[in-house]
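Peer 1: Submitted below is the structure of interest, expressed as structure tokens.
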Amino acid sequence: MKITPTALSLLLLATAALQAQTPAAPAKPAKPAAPTTPAVVLPPQAPDVAAVKYGKDGKINPGFTASHEKFVGIAKEGKAQLVFLGDSITAGWAGNGKDVWAKSFSQYTPANFGIGGDRTQHVLWRIENGELENIKPKAVVLMIGTNNSGADPAEGIAKGVTKIVETIRTKQPQAKILLLAVFPRGEKPSSAEKPNPGRDKLKQVNDIIAKLDDGKNVFFLDIGAKFMQPDGTLTKEIMPDFLHLSPAGYQIWADAISPKLAELMK
């Protein structure tokens, strides 16, 4: 049958009318928004008040707890005559510094109580909670504070170091304390073009804690310059990330403190 133009137009109009009357397919329900996890607000910690270390989840850091319990166990054995206290730089004696440690300090029955990420308040908590019990070391080597530099003022960090020194003296009055200046950090010293606020702040800390040296029980030693080039630059050969030491860096550390340690360990 032949369809005339008029009939075709009427057919198209009828089809359009039918489509307009056909209900649209129901829209798919929108997926509910994923619940947002509220940011964990960690409790404030003063550098000179003993505190445990928390993780980003707001819970006590399990690595901190495990290391602390291990150190308390070592202390309970009562054998250590030389104790190193500090953060990851000290902990590194068991890593990059392992061989240097063995040949430089093994004669002293040493114990390494360093935990990565520790600040002054964490070391203070550790020595108030078992790490200096049951042992009678002849000397304690302390170097701590670099992890405080991002959040705390120099005076606060120095107060934290001072509190640690006072606590060691209270718990281990027979022990001589070799208090090290906090090591330099950042590739280059401050300049007008490129400041290094972390290194500048730690210099202020060192200027303050140097006054703790009494020539009798506490001995301050600044060996930071030994890690640097004459212009104050740190190299990757000594500090690969301009903070932690290479094996060569640990050799420099050992060589720098060995004469004084031999004196203190008599």
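Peer 1: What residue, among those in segment 53-90 that are of a type in the set (A, V, I, L, M) and either modelled with pLDDT under 95 or in a helix (DSSP H, G or I) (or both), is surrounded by the fewest Cβ atoms within 10 Å (Cβ to Cβ)? Break it down into steps so the answer makes sense when it comes.
Peer 2: Applying the first criterion (of a type in the set (A, V, I, L, M)) to segment 53-90 yields 60, 66, 72, 74-75, 80, 82-83, 85, 89.
When the remaining residues are screened for being either modelled with pLDDT under 95 or in a helix (DSSP H, G or I) (or both), the result is 66, 72, 74-75, 89.
Values: 66: 11, 72: 17, 74: 17, 75: 21, 89: 25.
Among residues in segment 53-90 that are of a type in the set (A, V, I, L, M) and either modelled with pLDDT under 95 or in a helix (DSSP H, G or I) (or both), the one surrounded by the fewest Cβ atoms within 10 Å (Cβ to Cβ) is 66.
Peer 1: Right, something else. Test of understanding: among 208, 257, 238, 252, which residue is touching a helix residue (DSSP H, G or I) at 6+ places or on another chain (Cβ under 7 Å), touching a residue at least 24 places away in the same chain (Cβ under 8 Å) and open to solvent by less than 50 Å² (accessible area, probe 1.4 Å)? Walk me through how you get there before you give the answer.
Peer 2: Values: 208 fails: open to solvent by less than 50 Å² (accessible area, probe 1.4 Å); 257 fails: touching a helix residue (DSSP H, G or I) at 6+ places or on another chain (Cβ under 7 Å); 238 fails: touching a residue at least 24 places away in the same chain (Cβ under 8 Å).
From the options 208, 257, 238, 252, the qualifying one is 252.
Peer 1: Quick check on segment 127-143: of everything there that is of a type in the set (A, V, I, L, M) and part of a loop (DSSP other than H, G, I, E, B), which residue is surrounded by the most Cβ atoms within 10 Å (Cβ to Cβ)? Working first, answer last.
Peer 2: Looking only at segment 127-143, we keep the residues that are of a type in the set (A, V, I, L, M), and these are 127, 132, 135, 139-143.
Pick out the ones that are also part of a loop (DSSP other than H, G, I, E, B) and you get 132, 135.
Details: 132: 24, 135: 20.
Among them, the one singled out is 132.
Peer 1: Quick one: which residue in 193, 187 is of a type in the set (D, E, K, R) and modelled with pLDDT under 95? So that I can check it myself, show each step before the final result.
Peer 2: On the way: 187 fails: modelled with pLDDT under 95.
None of the others qualify; the one that does is 193.
Peer 1: Collect the residues in segment 93-104 that are touching a strand residue (DSSP E or B) at 6+ places or on another chain (Cβ under 7 Å) and either within 17 Å of residue 127 (Cα to Cα) or buried (at least 22 other Cβ atoms within 10 Å of the Cβ) (or both), keeping them in residue-number order.
Peer 2: 93 - this is the single residue of segment 93-104 that is touching a strand residue (DSSP E or B) at 6+ places or on another chain (Cβ under 7 Å) and either within 17 Å of residue 127 (Cα to Cα) or buried (at least 22 other Cβ atoms within 10 Å of the Cβ) (or both).
Peer 1: Determine if segment 158-178 includes at least one residue that is more than 15 Å from residue 75 (Cα to Cα), assigned to a strand (DSSP E or B), open to solvent by 10 Å² or more (accessible area, probe 1.4 Å) and touching a helix residue (DSSP H, G or I) at 6+ places or on another chain (Cβ under 9 Å).
Peer 2: Kept after step one, since they are more than 15 Å from residue 75 (Cα to Cα), are these residues of segment 158-178: 158-167, 169-170, 173-174, 176-178.
Subsequent filtering for residues that are assigned to a strand (DSSP E or B) retains 176-178.
Checking which are open to solvent by 10 Å² or more (accessible area, probe 1.4 Å) leaves us with 176.
This time we only want the ones that are touching a helix residue (DSSP H, G or I) at 6+ places or on another chain (Cβ under 9 Å), so: 176.
Checked against the condition, which is being more than 15 Å from residue 75 (Cα to Cα), assigned to a strand (DSSP E or B), open to solvent by 10 Å² or more (accessible area, probe 1.4 Å) and touching a helix residue (DSSP H, G or I) at 6+ places or on another chain (Cβ under 9 Å), segment 158-178 yields at least one hit.
The values are calculated or read from the model by the stated rules, or taken from the named source; none is laboratory data. Just so you know, these numbers come straight off a predicted model, no measurement behind them. For neighbour counting, all protein chains shown are included, and Cβ atoms are generated from backbone atoms with ideal geometry for every residue, glycine included. Accessible surface is based on the protein model in full, side chains and every heavy atom, while ligands, DNA and RNA are left aside. Shrake-Rupley method; radii C 1.70, N 1.55, O 1.52, S 1.80 Å.
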